[in-house]
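Heads up, the thing below is written out as structure tokens.
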Amino acid sequence: MEIGIVGLPGSGKTTIFNALTGSEAETSAYSGGKKAPNIAQVKVPDQRLQVLTEMYSPKKTTHAIIQYIDIGGGIRTKEKKESLDEILRLLRPSDALVHVVRCFELAGQAPSPQADLDEFESELILTDLLIVEKRLERLEKEVKKGKKGDPKELELLQKAQEILDSGKALRSDNQITSAPELKGYAFLSAKPCIVVLNMGEEDDTGQLTLELPEGVPAIELKGSLEMELAQLEEEEAAMFRQDMALPEPATYRLIQESYQLLGLISFFTVGEDEVKAWTIKKGTHAQKAAGVIHSDIQKGFIRAEVVAFEDLAKAGDYHAAQKAGKVRLEGKEYIVQDGDVINFRFNI
Ligand SMILES: Nc1nc2c(ncn2[C@@H]2O[C@H](COP(=O)(O)OP(=O)(O)OP(=O)(O)O)[C@@H](O)[C@H]2O)c(=O)[nH]1
Ligand SMILES: [Mg+2]
């Protein structure tokens with residue numbers, strides 16, 4: 001799972017990337033110059049894993065993982081064709097976007113978050129429109145030459161064109177985002193998106209009221225501050241946080257929200273060797289979830305022994321949860337819930 005960090009040049013993308021991942025990638029003065037992309041993986045913070053780890057004292061605890069990619073510069077559709085191609089290539093695999101908006105003063109320039117947000121959103125839309133128009137042109141030529149093409153793809157592209165022409169992103173149209181015929185295009189405005197309002201250190205949070213695109217949540221973060229904390233040793237960071245009455249890194253919420261935005265949930269497997277969080281899409285059946293661990297477990301699936309994390313935590317341990325009747329046996333059609341602790345029974 002990968003999330004692309006995007007936004008206008010100088011909005012603080014690399015700063016947010018560093019804050020999220022604890023990396024020390026070089027930030028830029030206001031330039032928007034082209035640089036190599038930054039890529040790093042982070043653990044999805046999850047309190048429940050800590051509780052389970054205390055319960056089982058395993059040799060190893062494994063978190064769910066998200067990969068973040070920070071591309072240099074912004075998207076400039078009009079001027080730089082080449083850099084656009086490069087950016088599209090980099091962002092194509094991303095499952096979602098984090099759109100960083102500058103809300104701090106930079107080099108004497110006051111922030112204009114609403115205008116910046118709208119501008120970048122338009123760039124996403126325009127970028128997709130260019131791709132759609134190019135493709136439609138080619139399809140029309142082929143039809144003239146007597147080739148048939150895929151009528152479904154044509155219809156969907158025409159619908160996409162209409163949406164984009166009206167100035168809207170593709171992400172809020174279910175038919176477009178779920179169509180297998182359009183998967184290959186990797187439209188940027190079709191990717192789920194979270195806006196990060198990147199605030200200055202001294203700013204009061206909770207004051208900004210921006211008009212957001214449909215279906216796009218926003219989070220306020222103090223990018224520079226969070227970056228500095230993320231780069232400190234753990235003990236030192238904890239001291240600073242205590243002083244500033246910041247209970248946990250603000251980035252935790254961003255990571256967790258991006259996980260939710262992608263429709264992802266975690267189930268857990270537990271034992272003395274390992275306590276582990278597994279990532280699945282919401283709505284996944286037990287047998288398919290088993291396949292995330294190993295295809296053999298999916299193939300030889302018999303039953304899933306399931307206890308909800310909350311019930312297990314309340315009971316204190318597995319045995320007590322069993323005695324309280326909280327451990328259930330579920331079949332392959334059972335829809336796995338966020339926080340389920342599962343023991344798969346299978347034979348091979
Ligand atoms: N005061 C303040 N400055 C910030 C904040 N975030 C970033 N900056 C400054 O803004 C400048 C640009 O930050 P970057 O993180 O490099 O921005 P970027 O979006 O990655 O820039 P490009 O990759 O060049 O497009 C740097 O000088 C940062 O120090 C913030 O939250 N507060
Ligand atoms: Mg950067």
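With among the aliphatic types (A, V, I, L, M), modelled with pLDDT of 90 or more and more than 16 Å from ligand 2 (Cβ to nearest atom) as the only criterion, which of Ala64, Ala40 stands out? Exactly one residue qualifies, and that residue is Ala64. Any chance you could count how many residues in segment 201-237 are near ligand 1 (Cβ under 10 Å from one of its atoms) and among the aliphatic types (A, V, I, L, M)? Residues in segment 201-237 being near ligand 1 (Cβ under 10 Å from one of its atoms) and among the aliphatic types (A, V, I, L, M): 3 in total. Residues that are part of a helix (DSSP H, G or I) and touching a Pro at 6+ places or on another chain (Cβ under 7 Å) within segment 135-183 comprise just one, Arg171. Scanning segment 235-257 for residues that are within 14 Å of Asp46 (Cα to Cα) and not in a helix (DSSP H, G or I) yields Glu248, Pro249. Would you confirm, using the coordinates I've provided, whether Gln260 is part of a helix (DSSP H, G or I), surrounded by 14 or more Cβ atoms within 10 Å (Cβ to Cβ) and modelled with pLDDT under 95? Against the criterion (part of a helix (DSSP H, G or I), surrounded by 14 or more Cβ atoms within 10 Å (Cβ to Cβ) and modelled with pLDDT under 95), Gln260 qualifies.
Residue-by-condition table, conditions (1) farther than 30 Å from Glu2 by Cβ; (2) hydroxyl-bearing (Ser, Thr, Tyr); (3) not assigned by TED's automatic domain parsing to the domain that holds Asp95:
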| position | (1), (2), (3) |
| --- | --- |
| Gly263 | no, no, yes |
| Thr269 | no, yes, yes |
| Glu274 | no, no, yes |
| Trp278 | no, no, yes |
| Gly291 | no, no, yes |
| His294 | no, no, yes |
| Ala304 | no, no, yes |
| His319 | yes, no, yes |
| Glu333 | yes, no, yes |
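Checking each residue in segment 40-67 for being surrounded by 17 or more Cβ atoms within 10 Å (Cβ to Cβ) and of a type in the set (Asp, Glu) picks out only Asp46. Screening segment 314-344 for residues that are surrounded by fewer than 14 Cβ atoms within 10 Å (Cβ to Cβ) and assigned to a strand (DSSP E or B) and picking the one that is nearest to the chain's Cα centre (by Cα) gives Ile335. Regarding Glu119, is this residue under 18 Å from Gly7 (Cβ atoms) and at pLDDT 90 or above? Yes, satisfied. Within segment 164-198, the residues that satisfy the criterion of being surrounded by fewer than 24 Cβ atoms within 10 Å (Cβ to Cβ) and of a type in the set (Ser, Thr, Tyr) are Ser166, Ser172, Thr177, Ser178, Tyr185.
Out of curiosity, is Ser189 under 19 Å from the mean Cα position of the chain (by Cα) and within 30 Å of Ile219 (Cβ to Cβ)? Yes; evaluated as a whole, the condition is true for this residue. Are any of the residues in segment 119-126 assigned to a helix (DSSP H, G or I), more than 11 Å from ligand 1 (Cβ to nearest atom) and free of Cβ contacts under 8 Å to residues at least 40 places away in the same chain? No - not one qualifying residue is present in segment 119-126. One residue is enough: does segment 267-287 have a residue meeting the conditions modelled with pLDDT under 95, of a type in the set (A, V, I, L, M) and surrounded by 15 or more Cβ atoms within 10 Å (Cβ to Cβ)? Yes, segment 267-287 has at least one match. Residues in segment 94-108 that are at pLDDT 90 or above and either exposed (fewer than 14 other Cβ atoms within 10 Å of the Cβ) or in a helix (DSSP H, G or I) (or both): Glu105 only. None of Glu54, Glu82 is modelled with pLDDT under 95 and outside any loop (DSSP other than H, G, I, E, B) except Glu82. When the test is whether a residue is exposed (fewer than 14 other Cβ atoms within 10 Å of the Cβ), out of contact with any strand residue (DSSP E or B) (no Cβ under 6 Å at 6 or more places or on another chain) and of a type in the set (S, T, N, Q), Gln242 passes it.
Just name the residue that is nearest to the chain's Cα centre (by Cα) out of those in segment 5-28 that are of a type in the set (D, E, K, R) and near ligand 2 (Cβ under 9 Å from one of its atoms). Out of the qualifying residues, it is Lys13. Every residue in segment 57-66 that is touching a helix residue (DSSP H, G or I) at 6+ places or on another chain (Cβ under 9 Å) and either over 19 Å from Ile255 (Cα atoms) or aliphatic (A, V, I, L, M) (or both), please. Selection gives Pro58, Ala64, Ile66.
Inclusion of Gln287 among residues that are of a type in the set (S, T, N, Q), part of a helix (DSSP H, G or I), touching a Phe, Trp or Tyr at 6+ places or on another chain (Cβ under 9 Å) and free of Cβ contacts under 8 Å to residues at least 60 places away in the same chain is warranted.
The values are calculated or read from the model by the stated rules, or taken from the named source; none is laboratory data. The model shown is predicted, which means the values in this text are computed figures rather than measured ones. For neighbour counting, all protein chains shown are included, and Cβ atoms are generated from backbone atoms with ideal geometry for every residue, glycine included.
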